[in-house]
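Quick notes on the structure that follows.
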Amino acid sequence: MTLSSIPAQAVSRSAGAGLELRSDATQLRSDFPVLAREVHGRRLVYLDNAATSLKPQSVIDAVTEYYSEGSANVHRGVHLLSQEATTAYDAAREKARGFLGAAQASEVIFAHGTTSAINLVARSWGDAHVGAGDEILVTVMEHHSNFVPWQMLAQRVGATLRVVPLDPTGAVDLGAYVRLLTARTRLVAVSHASNVLGTVAPVSEIVRLAHAKGARVLVDGAQSAPHLPIDVRQLGCDWFVCSGHKMLGPTGVGLLYGPLEVLDEMPPYEGGGGMIGQVSLEGTSYATAPSRFEAGTPPIASVLGLGAAIDYWNGLDRPTVFEQEANLMAYAEERLTTVPGLRIAGHAAQRVSVIAFTLGDIHPHDIGTVLDTEGVAIRAGHHCAQPLMRFLGLQSTARASFSFYNTRDDVDALVMGLARVRRMFA
Ligand code: PMP
């Protein structure tokens, strides 16, 4: 589904109980305190949302409140503070279940982020179910977090990593995928949306084809969770992972979803407190999911902050804000193509709001540095996607990435900043 094709009417504009859902970008901006600050004496124009999103005040408050009013550990206490923390922690899991569209809260594990969730699956499921001669399929647009753990697994067990290319528009080459998917494929790991090109992968189709071959599918939703409606049951995937900090939440927490029958196939990854059934000198039995995968004290404050972030999402008229974001993306592309020498990487039909670009032969770090002096925050580099960079024949790019709180003024500031870059370097 393209951002612009999400039917705005599909979801009611009311959150229930008379609560109006919100979508006015100008109003929403005032929820993000960082947007009030200046950078080098200029208004902050934050266009680095693919790296991490800004946090609304309600998320900051949830984290502060945990530390100021009840900084107790979860699950083990009989005292009031611990019980309150446990209730709030469990409530956050239920909110995450709703956000992802999972059937049961026990199918949602709090990991530390996308990277740690993928490593958990690679170590736990991967070591138990992938062996010599098996194949793992990834696409060439994967972030290193969805590439390196599979390469390490393949090296550990003697499996082969195969890579699906993109077509000339930057979309996943489904024909090549079908050819690379064989009876030896045990696992397919794919980004729902690329952090460089914005390309949205046809995940349901990828899952359907993989399941027909008996392969499991992990979906890296780090870039889709903040930009697309997520429904893990509709996607049909075996795992869906995302990072709290990219979807308005704090750092240090992420989600790992898997249907219970898949989680049941997974031995523990880390051992420690909280993940056990019984422990004796002779041996240990393990808890069921999700506890089996949450050894040790979890990042409680971050989990509660993520719960508040999901509350925030639930207060938005998401079809409308996503539609506005798609319109902003179209405006940005139109304006950027007027900048002489600017080339956008990737034009897939279905994209989230990430634009990677080059400007003549000006080094992307120079672009980023000059823009910073104008208050415009973008990213420059290989974006943790070196295989993709090589595939595109590029060393690095500049990248502007948008969120629902960005406006046309932000795009105009970017374009004006780029004119200054050209005056300095071109
Ligand atoms: N996958 C994708 C597509 C990403 O964009 C990122 C972050 N840039 C990651 C994985 C890794 O996320 P984290 O650093 O939060 O673990």
For the stretch 86-314 the translational diffusion coefficient, Stokes-Einstein from a Kirkwood Rh over Cα pairs at 37 °C and viscosity 0.692 mPa s, in µm²/s, is roughly 185 µm²/s
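Sorting check: for 28-41, 238-251, which peptide has the highest mean count of neighbouring beta carbons within 10 Å, and how do the rest follow? Numbers along the way, then the final one.
Working: 28-41: 13.4, 238-251: 26.9.
Highest-to-lowest ranking by the protection proxy: 238-251, 28-41.
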Within 15 Å, Cβ to Cβ, of Ala215, how many net charges do the neighbouring residues add up to if Lys/Arg are +1 and Asp/Glu are -1? +2
Based on the inverse mean of 1/r over its pairs of different Cα atoms, what is the Kirkwood hydrodynamic radius of the stretch 156-201, in Å? 11.9 Å
Determine, from the Cβ-Cβ distance of Asp61 and Arg233 and an R0 of 25 Å, the FRET efficiency 1/(1 + (r/R0)^6), rounded to the nearest 0.05. 0.20
Averaged over all viewing directions, the convex hull of the alpha carbons in the stretch 20-100 casts a projected area in nm² of 8.1 nm²
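Using only alpha carbon pairs under 8 Å that are at least six residues apart, calculate the relative contact order of the stretch 86-314 and give it in whole percent.
On the way: 457 pairs, mean separation 56.3, N = 229.
Relative contact order here is 25 percent.
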To make sure I understand the rule: partners must be lysines, Cα under 16 Å from the Cα of Lys55, and not fewer than 8 residues away in the same chain. Which ones qualify? Lys246
Using Cα pairs closer than 8 Å and at least 6 residues apart in sequence, work out the relative contact order for the chain, in percent. 24 percent
Taking 7 Å along the Cα-to-C-beta vector as the label spot, tell me the Arg76-Ala103 distance in nanometres, rounded to one decimal. 3.4 nm
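Based on the mean of other beta carbon atoms within 10 Å per residue, what is the order of 298-310, 363-375, most packed first?
Working: 298-310: 25.0, 363-375: 17.9.
Result, highest mean first: 298-310, 363-375.
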Output needed: percent of Cα pairs per 5 Å distance bin for the stretch 237-286, bins running from 0 to the one holding the longest distance. 5, 15, 17, 19, 18, 14, 7, 3, 1
Scattering profile of the stretch 201-291 at q = 0.20, 0.21 Å⁻¹ [log10 I(q)/I(0), Debye over alpha-carbon scatterers]: -1.01, -1.06
How much net charge surrounds Leu166 when only the other residues with a Cβ under 15 Å from the Cβ of Leu166 are counted, with Lys and Arg +1 and Asp and Glu -1? +1
Enter the mean projected area of the convex hull around the alpha-carbon atoms of the stretch 318-425, in nm², rounded to one decimal. 6.8 nm²
Please work out the Cα center distance from the stretch 212-255 to the stretch 42-93, rounded to the nearest Å. 20 Å
Amide H contacts of Arg22 (H built 1.01 Å from N, under 5 Å, at least 5 apart or other chain): Leu316, Asp317
Taking amide H positions as placed in the peptide plane 1.01 Å from N, state which residues far from Leu248 in sequence (5 or more) or on other chains have amide H under 5 Å from it. Ser53
Check: the chain dipole with +1 on Lys, Arg Cβ and -1 on Asp, Glu Cβ, in debye: 860 debye
For Leu328, net neighbour charge (Lys/Arg +1, Asp/Glu -1) across residues whose Cβ lies under 14 Å away: -4
Measuring from centroid to centroid over Cα atoms, what is the spacing of the stretch 311-379 and the stretch 126-148 in Å? 30 Å
Using only the Cα atoms of the chain, what are the Rg and Dmax in Å? 21.9, 72
How high is the relative contact order of the stretch 71-121? Use alpha-carbon pairs under 8 Å, at least six apart in sequence, and give a whole percent. 20 percent
If you average 1/r across every pair of different Cα atoms in the stretch 263-361 and take the reciprocal, what Kirkwood value do you get, in Å? 18.5 Å
Suppose the chain between Arg343 and Lys213 were pulled fully straight at 0.36 nm per residue; how much longer would it get relative to their current alpha carbon spacing? 42.9 nm
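Every number in this text was worked out from the coordinates using simple rules, so none of it is lab data. Please read all numbers here as calculations on a predicted model, not as lab measurements. Every residue, glycine as well, gets a Cβ built from its backbone with ideal geometry; the counts of neighbours run over all protein chains shown.
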